[in-house]
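Comments concern the structure below.
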Amino acid sequence: MTGANASVRRRLLVGLGVLALSGGAAWAAPAIEQFEQFVQTVPAARGTFEQFTVGPDGRTSRAQTGVFAFDRPGKFRWDIQTPQPQLVASDGRTLYQHDPDLQQLTVRALDQSIGSSPAAILFGQGKLQDAFEVSELPDDDGMMWLRAVPKRPDAGLTQLDIGMREGRPARLLLVDGFGQTTRIELLTLRAQSEFGANEFVIDPPPDTDVIRLQ
């Protein structure tokens with residue numbers, strides 16, 4: 001994987017992990033309305049996911065699995081556990097990206113890192129329309145779909161499709177500026193009322209190289 005592609009993949013990781021638990025009456029609502037209700041009514045959750053990426057040549061990467069958690073607004077953890085550990089977390093002020101294989105931790109201000117990325121919507125409290133042009137898509141694979149396109153150009157994300165099932169996001173399709181599509185399946189989802197004090201903070205090993213970006 002090239003350095004540029006690896007950077008994009010790390011940025012996409014930020015945008016990932018979500019839960020929604022809505023009443024059955026809302027399931028028939030349009031996808032945009034369902035998603036907005038999810039953002040408004042689900043303040044915190046945890047779950048598991050699986051993701052893989054398809055390149056512009058049709059080649060598929062090895063699937064990754066892991067766990068996620070979030071606590072609105074802005075606290076989240078996206079923890080890839082297999083096949084190679086990677087972790088992205090935010091305490092609401094600072095974004096941490098830890099790559100154990102590289103023994104590297106990147107630290108930056110959260111507001112400089114998210115912008116119009118999926119994380120600004122999935123883990124925040126704003127509306128999709130604040131940073132995205134949003135439209136409804138036809139139903140597919142038992143889900144109701146919406147598409148969000150960043151209002152500002154972003155090589156890390158050119159398009160985000162969200163599939164809603166029974167009032168919650170169930171699948172994300174993220175397309176980047178290199179023509180790669182990352183598919184994320186949100187496998188298990190449950191509401192969470194409290195988290196541990198260090199849930200959204202990364203404490204790397206002593207030999208980790210810490211890179212602080214302005």
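Laboratory data are not the source of any read-out in this text; all were calculated from the coordinates shown. Quick caveat: nothing in here was measured; it's all calculated off a predicted structure. Cβ coordinates were reconstructed from backbone atoms using ideal geometry, including for glycine residues, and neighbour counts include every protein chain displayed.
Taking amide H atoms as placed 1.01 Å from N in the peptide plane, the amide H of Gln104 lies under 5 Å from those of Asp99, Asp209, each 5 or more residues away in sequence or on another chain.
With label points built 7 Å along Cα→Cβ from the Cα atoms of Gln214 and Arg59, find their separation and express it in nm. Label at Gln214, label at Arg59, 3.8 nm between them. Modelled this way, with points 7 Å down the Cα-to-C-beta line, the labels at Gln104 and Lys151 are 3.3 nm from one another. Taken as Cα centroids, the stretch 42-107 and the stretch 160-214 sit 4 Å apart, rounded to the nearest whole angstrom.
Between amide H atoms placed 1.01 Å from N, distances below 5 Å from Phe132 occur with Lys151, all of them 5 or more places distant or on a separate chain. D by Stokes-Einstein for the stretch 124-214, Kirkwood Rh over Cα pairs, 37 °C, 0.692 mPa s: 203 µm²/s.
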